[in-house]
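Participant: Can you keep this structure in mind? I'll have questions shortly.
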Amino acid sequence: MMRTRLRGLASLTILLVVVTSFDVSARQALDRTKAPAPGKTPELRVPAWTKTTLANGADFIVSEKHDLPLVSFSVTFLGGSNQFEPAERTGLASMTASMMSEGTKSRDGEALSNALQLLGTSVSTTVGGESGSISCVSTTDKFVQTLDILADMLLNSTFPADALERLRAQRLVALTQARAEPDEIAGRVFPKVLYGPAHPYGRVTTEESIKAMTRDDVVAFHGKYFQPGRALITVVGDVTAAGSKPVIEKALAAWPKNGSRPDFAYPAVPERPKTTIYLVDRPGAAQSTVAIGQPGPPRSTPDYYAMQVMNTMLGGMFQSRLNANIREEKGYSYGVSSSFGFGKGPGPFRTGGDIVGDKTDAALVEFMKELKGILGERPVTDEELQTAKDSLIQRLPGTFASVTAINGALTSLWRQGLPDDYYQQYSKAVAAVTKADVLGVAKKYIDIDRLAIVVVGDRASIEAPLKATNIAPIAYLDIEGAPKTQ
Amino acid sequence: MRTGRFAMTVAIGFLVVAAGAVAQQATSINIPFETYRLPNGLTVITSIDRTTPTVAVNMWYHVGSKNETKGRTGFAHLFEHVMFTGSGHVPYGTHDKLTEGVGGSNNGTTSNDRTTYYETVPSNYVESALWLEADRMGFLLDSLDLTKLNAQRDIVKNERREGLDNQPYGRAFEILAQETYPASHPYSWDVIGSMEDLSAASEDDVKSFFRLYYAPNNAFLSIVGDFDPAQAKAWVQKYFADIPAGKPITRPKVEPVVLDAERRLVFEDRVQLPRLYVQWPTVGEKSEDRFALDVLGATLSGPRTARLTKALVYDKQTAASVSVNQSTNEDVGDFQMIIVPRPGNSLTDLEQAADAIIERFKAEGPTAEEIQKATAGEELAFVRGLESNLGKAMRLSDGAGFHGDAGYYKTEYSKGQSVTAADVKRVANKYLTKGRVVLSIVPTGKLDQASKPAESKKVTE
């Protein structure tokens, strides 16, 4: 107490001597116990954009931002490996994307690399589960040249056979390495357990599929997938809408109308078995990697906002219930969280984290306690609800800081089929969520009797304590998620 | 030297140091900022960016793992965790509530050389962010207790498990540092520290560490984003001016290291494939050679035309990947090479092949085009960095903290751009010598998969 007062006096002296122009409140003895009140809530400034359709059928969005000499450009494709990859060729979409850096009709792989290095930039091609893209960021003065190379990669790739062999070998090494990484093991086993092999969400890239892939597969995937009929072209940054359209039309002049948007019809999710612990042995592991969950709803669910608010309280923030308990209070982990994998299909609810080995059982008890808590045993407080909403709503203005972030935000609207005023309406939708809504979506989407609990850890030391929790029976899987006999 | 720089800044007083004003050239390499110091020694740097209604507040303390004492490795980082447990007037949890809870974020990071704490907030929460930082700078010990320390100790031990002990190859850099530097050298231990030392840290350690290093005269506050500079200055005055300056700080004497011979090690880990690590001791932030070493790394690995990548990954196809880079700390640096073999290729052969390419490079040096390619991406990287308030705050703080000049980024940029082929050839010959550490990480029980297994000493701890 006394120290505090002395500091207060010292402060007054310094203020009088050194500073004369600051406001009156600073001269009064400072009460540090009260958090300063926030100022006026800043206005949400959603970037403006124009949207048209090109002759080849691709949608075309331009958003201008002139404060820095930067341009973010992308061609995004609706649908991904889940829609376009044959089930026995997992990894083909990603392989095809990599092969597009390996040479075109007029530039071999080294020539492409050299040209991009001299422009100081790179072109990135990726195909994920439900969308893919080819994109670049450049300084304004290098944009047209970079775009020329990107278009060449998109339209004129030659897919050399020797490059496929090199990439195949590198991917096999990566798969081998992944077998030693606990996060990777959990990341491969968890979807298999939830969705099974018949569902695209349950498929993972395997050695067999990498080995079986042919150049013909790559050429066929490329021809089928990279089509303007399912594409959105976005240009964000130091360009004008009027000026950029002819530039892009010229660069992509040789891209004829073709392709259509996929319907995202997914097969039914297999019936969920009763809650089970799936134990994957990793002898000697210092920690257990835990993934708990079950299939959830698609992004299009009307429950989206209530689910986001609920998850923010459960495991979406640092001070969410799960992290506050299992990390901060108990010290069992460096961090735990939860999320819903919102996509076009039944993306997973997933919670978990890396837990110190000898607290695996104790942490699991706490995970179950927090799940039961959000299901009604520990009612949500007004303060919790408000903080979760504030966090979600007030995060929005900061999301439009960079050309790539704006590009991502606009592309996301298009991919999810959301309305143009989505960002303007977002805060209203979040603000409208009630405690009853939160409880409702928790009960609807978290079925505590039908959870998959994947634990990758040292079986010898954690098996007996896990059994003793009586949370669920234990099934034993190998690191690929296949059942083991005992 | 340090005092000199401080004295100069003090003489400027509250006058604006308008580094931005001189740079009205046709360049994007510019962060307009103002800087001043409070009488208690706190350096304040402000920079306006109205792109989005957000602000980054970054508090940078000139203390890191190199300031730790023997038997207390990992303490600087453990202390960083304690800084989030509440302070005299700020109950635990309030910090998160006034940052993440209002749509922002917060975190802290610890390196060998500095510890930094930041808040990103909507622009109407700048005052509370300053209040939070001031309270833990002024009043952390008022609310300290052993329970909080113990909880964070357990969390940090889990951080170590997650990042090192339970991670394939996770111990590599810790082992390399131990072998590169003598045991008494402040860069010989990893920032995360040892389990034993983390267990030993006491409340008294927290108190004495805090009193010495967490004083305003050892701190650099950067505020970047959409705010009113006069208002921010008044708030800084209000919350920080009465925090007393601390005692003078004795910095550890850091001698550069030259290894007289090659040191070879092998470490068994729960991995599927062996991997080769090579580390040469080099120079830190204050040396001009670091710029040429950066370019050297970029000419040896990365894009498919880089020397080692082209030879090992593309032409011979004996490696799955190669990565080479200069890692620069304040006082020293390390030049590191990592080779991931393709199955069927021994680490011994890969090491020899890499050495042959490096020797040839040392003899002939890079071409002008190689230099051009290695440095052409810097402008884009810099301009993209300008899109982040936090990125700019970190950059300005690093300049002020390490170089006594928040505008050091300009020097750094121009020195990076002016590296010549002759510079790169010279540093390759100067630093990539026999005096290095070669570490093979192999699957448990497969010591014979090491590079030159007979000459490699087994790491047991």
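Participant: Kindly check whether there is at least one residue in segment B:59-78 that is modelled with pLDDT of 95 or more, closer than 28 Å to A:Lys359 by Cβ, over 21 Å from the mean Cα position of the chain (by Cα) and not aromatic (Phe, Trp, Tyr).
Facilitator: First, pick out the residues of segment B:59-78 that are modelled with pLDDT of 95 or more: B:59-68, B:71-78.
Filter again for closer than 28 Å to A:Lys359 by Cβ, leaving B:65, B:68, B:71-78.
If we keep only those that are over 21 Å from the mean Cα position of the chain (by Cα) as well, we get B:71.
Those still in the list that are not aromatic (Phe, Trp, Tyr) too: B:71.
Yes; the residues of segment B:59-78 include at least one that is modelled with pLDDT of 95 or more, closer than 28 Å to A:Lys359 by Cβ, over 21 Å from the mean Cα position of the chain (by Cα) and not aromatic (Phe, Trp, Tyr).
Participant: Testing B:Asp190 on (1) more than 14 Å from chain A (Cβ to nearest Cβ); (2) surrounded by fewer than 22 Cβ atoms within 10 Å (Cβ to Cβ); (3) farther than 30 Å from B:Phe33 by Cα; (4) charged (D, E, K, R), one condition comes back false. Which one is that?
Facilitator: Unmet condition: (2).
Participant: For segment B:440-454, does any single residue satisfy the condition of being at positive phi, surrounded by fewer than 20 Cβ atoms within 10 Å (Cβ to Cβ) and in contact with a Ser or Thr (Cβ under 6 Å, 6 or more places away or on another chain)? Give the steps one after another, and end with the answer.
Facilitator: The initial filter retains those residues of segment B:440-454 that are at positive phi, namely B:445, B:452.
From what's left, surrounded by fewer than 20 Cβ atoms within 10 Å (Cβ to Cβ): B:445, B:452.
From what is left, the residues that are in contact with a Ser or Thr (Cβ under 6 Å, 6 or more places away or on another chain) are B:452.
Yes: segment B:440-454 contains one or more residues that are at positive phi, surrounded by fewer than 20 Cβ atoms within 10 Å (Cβ to Cβ) and in contact with a Ser or Thr (Cβ under 6 Å, 6 or more places away or on another chain).
Participant: Still on this structure: Is it the case that segment A:192-215 has a residue that's in a loop (DSSP other than H, G, I, E, B), farther than 30 Å from B:Pro443 by Cβ, more than 25 Å from the chain's Cα centre (by Cα) and within 14 Å of chain B (Cβ to nearest Cβ)? Spell out the reasoning first.
Facilitator: Let us first name the residues in segment A:192-215 that are in a loop (DSSP other than H, G, I, E, B), namely A:196-199, A:203-206, A:213-214.
Cutting the leftovers down to farther than 30 Å from B:Pro443 by Cβ gives us A:196, A:198-199, A:214.
If we keep only those that are more than 25 Å from the chain's Cα centre (by Cα) too, we end up with A:214.
The next check asks that each one be within 14 Å of chain B (Cβ to nearest Cβ); those that pass are none.
Scanning segment A:192-215, I find no residue that is in a loop (DSSP other than H, G, I, E, B), farther than 30 Å from B:Pro443 by Cβ, more than 25 Å from the chain's Cα centre (by Cα) and within 14 Å of chain B (Cβ to nearest Cβ), so the answer is no.
Participant: Turning to a different aspect of this structure: So is A:Gly229 within 22 Å of A:Asn407 (Cβ to Cβ) and either touching a helix residue (DSSP H, G or I) at 6+ places or on another chain (Cβ under 6 Å) or not assigned by TED's automatic domain parsing to the domain that holds A:Asp449 (or both) or not?
Facilitator: On the way: within 22 Å of A:Asn407 (Cβ to Cβ): yes; either touching a helix residue (DSSP H, G or I) at 6+ places or on another chain (Cβ under 6 Å) or not assigned by TED's automatic domain parsing to the domain that holds A:Asp449 (or both): yes.
Considered against the rule, which asks whether it is within 22 Å of A:Asn407 (Cβ to Cβ) and either touching a helix residue (DSSP H, G or I) at 6+ places or on another chain (Cβ under 6 Å) or not assigned by TED's automatic domain parsing to the domain that holds A:Asp449 (or both), A:Gly229 comes out as yes.
Participant: Moving on. What is the number of the single condition among (1) over 30 Å from A:Tyr195 (Cβ atoms); (2) touching a strand residue (DSSP E or B) at 6+ places or on another chain (Cβ under 9 Å); (3) away from every other protein chain (no Cβ under 14 Å) that A:Gly345 does not meet?
Facilitator: The failed condition is (1).
Participant: Now a separate question. On the given criteria, is A:Asn325 surrounded by fewer than 19 Cβ atoms within 10 Å (Cβ to Cβ), outside the structural domain of A:Phe190 (by TED's automatic domain parsing) and under 17 Å from B:Ile155 (Cβ atoms)?
Facilitator: So A:Asn325 fits the description; yes.
Participant: Would you check if A:Thr351 is in the same structural domain as A:Ile453 (by TED's automatic domain parsing), farther than 29 Å from A:Glu463 by Cβ and β-branched (Val, Ile, Thr)?
Facilitator: On the way: in the same structural domain as A:Ile453 (by TED's automatic domain parsing): yes; farther than 29 Å from A:Glu463 by Cβ: no; β-branched (Val, Ile, Thr): yes.
It is false that A:Thr351 is in the same structural domain as A:Ile453 (by TED's automatic domain parsing), farther than 29 Å from A:Glu463 by Cβ and β-branched (Val, Ile, Thr).
Participant: Can you tell me how many residues in segment A:411-429 are surrounded by 14 or more Cβ atoms within 10 Å (Cβ to Cβ) and either touching a Gly at 6+ places or on another chain (Cβ under 7 Å) or over 30 Å from A:Phe77 (Cβ atoms) (or both)? Working first, answer last.
Facilitator: Taking segment A:411-429 first, the residues surrounded by 14 or more Cβ atoms within 10 Å (Cβ to Cβ) are A:411-416, A:418, A:422-423, A:426-427, A:429.
Now narrow it down to the ones that are either touching a Gly at 6+ places or on another chain (Cβ under 7 Å) or over 30 Å from A:Phe77 (Cβ atoms) (or both): A:427.
Residues flagged as surrounded by 14 or more Cβ atoms within 10 Å (Cβ to Cβ) and either touching a Gly at 6+ places or on another chain (Cβ under 7 Å) or over 30 Å from A:Phe77 (Cβ atoms) (or both) within segment A:411-429 amount to 1.
Participant: For the structure I just gave you, tell me whether B:Phe402 is aromatic (Phe, Trp, Tyr), under 24 Å from the mean Cα position of the chain (by Cα) and at negative phi. Outline the logic, then answer.
Facilitator: On the way: aromatic (Phe, Trp, Tyr): yes; under 24 Å from the mean Cα position of the chain (by Cα): yes; at negative phi: yes.
It is true that B:Phe402 is aromatic (Phe, Trp, Tyr), under 24 Å from the mean Cα position of the chain (by Cα) and at negative phi.
Participant: Keeping to segment A:45-80, report how many residues are farther than 22 Å from A:Ala151 by Cα and within 23 Å of the chain's Cα centre (by Cα).
Facilitator: 2
Participant: Another question, if that's okay. Every residue in segment B:292-325 that is within 14 Å of chain A (Cβ to nearest Cβ) and of a type in the set (Val, Ile, Thr), please.
Facilitator: Across segment B:292-325, the qualifying residues are B:Val295, B:Thr299, B:Thr305, B:Thr309, B:Val313, B:Thr318, B:Val322.
Participant: Restricting segment B:103-116 to residues that are surrounded by fewer than 23 Cβ atoms within 10 Å (Cβ to Cβ) and free of Cβ contacts under 8 Å to residues at least 60 places away in the same chain, which is nearest to the other protein chains (Cβ to nearest Cβ)?
Facilitator: Taking the candidates together, the pick is B:Gly103.
Participant: Restricting attention to segment B:403-461, report how many residues are among the β-branched types (Val, Ile, Thr) and more than 30 Å from B:Ile175 (Cβ to Cβ). Please lay out each step first, then the result.
Facilitator: First, pick out the residues of segment B:403-461 that are among the β-branched types (Val, Ile, Thr): B:411, B:419-420, B:424, B:427, B:433, B:437-438, B:441-442, B:444, B:459-460.
If we keep only those that are more than 30 Å from B:Ile175 (Cβ to Cβ) as well, we get B:411, B:419-420.
Number satisfying all stated conditions: 3.
Participant: Let me confirm something: among A:Ala431, A:Ala409, A:Ala442, A:Ala362, which residue is in contact with a helix residue (DSSP H, G or I) (Cβ under 9 Å, 6 or more places away or on another chain), not hydroxyl-bearing (Ser, Thr, Tyr) and not assigned by TED's automatic domain parsing to the domain that holds A:Glu463? Step through it out loud before you land on a result.
Facilitator: Working: A:Ala431 fails: not assigned by TED's automatic domain parsing to the domain that holds A:Glu463; A:Ala442 fails: not assigned by TED's automatic domain parsing to the domain that holds A:Glu463; A:Ala362 fails: not assigned by TED's automatic domain parsing to the domain that holds A:Glu463.
Just a single option satisfies the conditions, and that option is A:Ala409.
Participant: Among the listed residues A:Ser106, A:Ser135, which satisfies the condition of being surrounded by fewer than 22 Cβ atoms within 10 Å (Cβ to Cβ), assigned to a strand (DSSP E or B) and assigned by TED's automatic domain parsing to the domain that holds A:Gln83?
Facilitator: Numbers: A:Ser106 fails: assigned to a strand (DSSP E or B).
Matching residue, one of A:Ser106, A:Ser135: A:Ser135.
Participant: Return the only residue of A:Glu383, A:Glu366, A:Glu370 being farther than 30 Å from A:Tyr201 by Cβ and acidic (Asp, Glu). Working first, answer last.
Facilitator: Details: A:Glu366 fails: farther than 30 Å from A:Tyr201 by Cβ; A:Glu370 fails: farther than 30 Å from A:Tyr201 by Cβ.
Just a single option satisfies the conditions, and that option is A:Glu383.
Participant: In addition: Return yes when B:Asp197 is surrounded by fewer than 18 Cβ atoms within 10 Å (Cβ to Cβ) and among the charged types (D, E, K, R) and no when it is not. Quick ask: steps written out before the conclusion?
Facilitator: Details: surrounded by fewer than 18 Cβ atoms within 10 Å (Cβ to Cβ): no; among the charged types (D, E, K, R): yes.
The answer is no for B:Asp197.
Participant: I want to confirm something. Restricting to segment B:53-73 and keeping residues that are within 14 Å of chain A (Cβ to nearest Cβ) and buried (at least 24 other Cβ atoms within 10 Å of the Cβ), which single residue is nearest to B:Leu212 (Cα to Cα)?
Facilitator: Filtering segment B:53-73 for residues within 14 Å of chain A (Cβ to nearest Cβ) gives B:53-57.
Now narrow it down to the ones that are buried (at least 24 other Cβ atoms within 10 Å of the Cβ): B:54-57.
Details: B:Thr54: 33, B:Val55: 29, B:Ala56: 26, B:Val57: 23 Å.
Among those that are within 14 Å of chain A (Cβ to nearest Cβ) and buried (at least 24 other Cβ atoms within 10 Å of the Cβ), it is B:Val57.
Participant: Another question about this same structure. Of all residues in segment B:287-343, which are among the charged types (D, E, K, R) and either closer than 29 Å to B:Thr115 by Cβ or in a loop (DSSP other than H, G, I, E, B) (or both)?
Facilitator: Of all residues in segment B:287-343, those among the charged types (D, E, K, R) come to B:288-290, B:294, B:304, B:307, B:310, B:315-316, B:330-331, B:334, B:342.
Hits for segment B:287-343 are B:Glu288, B:Asp289, B:Arg290, B:Asp294, B:Arg304, B:Lys316, B:Glu330, B:Asp331, B:Asp334, B:Arg342.
Participant: Filter segment B:267-289 for residues that are basic (Lys, Arg) and surrounded by fewer than 21 Cβ atoms within 10 Å (Cβ to Cβ); which is farthest from the chain's Cα centre (by Cα)?
Facilitator: B:Arg270
Participant: Determine whether segment B:219-234 contains at least one residue that is surrounded by 15 or more Cβ atoms within 10 Å (Cβ to Cβ), away from chain A (no Cβ under 14 Å) and assigned to a helix (DSSP H, G or I).
Facilitator: Initial filter on segment B:219-234 (surrounded by 15 or more Cβ atoms within 10 Å (Cβ to Cβ)): B:219-227, B:232-234.
Narrowing further to those that are away from chain A (no Cβ under 14 Å): B:219-223.
Subset that is assigned to a helix (DSSP H, G or I): none.
Scanning segment B:219-234, I find no residue that is surrounded by 15 or more Cβ atoms within 10 Å (Cβ to Cβ), away from chain A (no Cβ under 14 Å) and assigned to a helix (DSSP H, G or I), so the answer is no.
Participant: State which residue pairs qualify: first residue within 27 Å of A:Gln416 (Cα to Cα) and inside segment A:276-300, second residue assigned to a loop (DSSP other than H, G, I, E, B) and of a type in the set (Asp, Glu) in any location, beta carbons under 9 Å apart, and separation of 6 or more residues or different chains.
Facilitator: Matching pairs, first to second residue: A:Gln294/A:Asp447; A:Pro297/A:Asp303.
Participant: Could you grab the pairs with beta carbons closer than 9 Å, sequence gap of 6+ or different chains, first residue in segment B:141-152 and free of Cβ contacts under 8 Å to residues at least 60 places away in the same chain and surrounded by 13 or more Cβ atoms within 10 Å (Cβ to Cβ), second one aromatic (Phe, Trp, Tyr) and part of a helix (DSSP H, G or I)?
Facilitator: Hits for this filter: zero, empty list.
Participant: In segment B:89-102, which residue that is surrounded by fewer than 21 Cβ atoms within 10 Å (Cβ to Cβ) and more than 7 Å from every other protein chain (Cβ to nearest Cβ) is farthest from the chain's Cα centre (by Cα)?
Facilitator: Checking each candidate, the answer is B:Pro91.
Participant: For segment A:373-408, enumerate the residues that are among the hydroxyl-bearing types (Ser, Thr, Tyr) and more than 7 Å from chain B (Cβ to nearest Cβ). Don't jump to the end; show me each part of the working.
Facilitator: Just the residues of segment A:373-408 that are among the hydroxyl-bearing types (Ser, Thr, Tyr), to begin with: A:381, A:387, A:391, A:399, A:402, A:404.
Across segment A:373-408, the qualifying residues are A:Thr381, A:Thr399, A:Thr404.
Participant: Ok, one more. Filter segment A:216-247 down to the residues that are under 29 Å from the mean Cα position of the chain (by Cα), assigned to a helix (DSSP H, G or I) and in contact (Cβ under 8 Å) with a residue 60 or more places away in the chain and list them by number. Outline the logic, then answer.
Facilitator: Let us first name the residues in segment A:216-247 that are under 29 Å from the mean Cα position of the chain (by Cα), namely A:217-239.
Checking the rest, the ones that are also assigned to a helix (DSSP H, G or I) come to A:217-225, A:228-230.
Within segment A:216-247, A:Asp217, A:Val218, A:Val219, A:Phe221, A:His222, A:Lys224, A:Tyr225, A:Pro228, A:Gly229, A:Arg230 qualify.
The values are calculated or read from the model by the stated rules, or taken from the named source; none is laboratory data. Keep in mind that this is a model prediction, so the values were computed, not measured. All Cβ positions, even for glycine, are placed from backbone atoms using ideal geometry, and neighbour counts span all protein chains on display.
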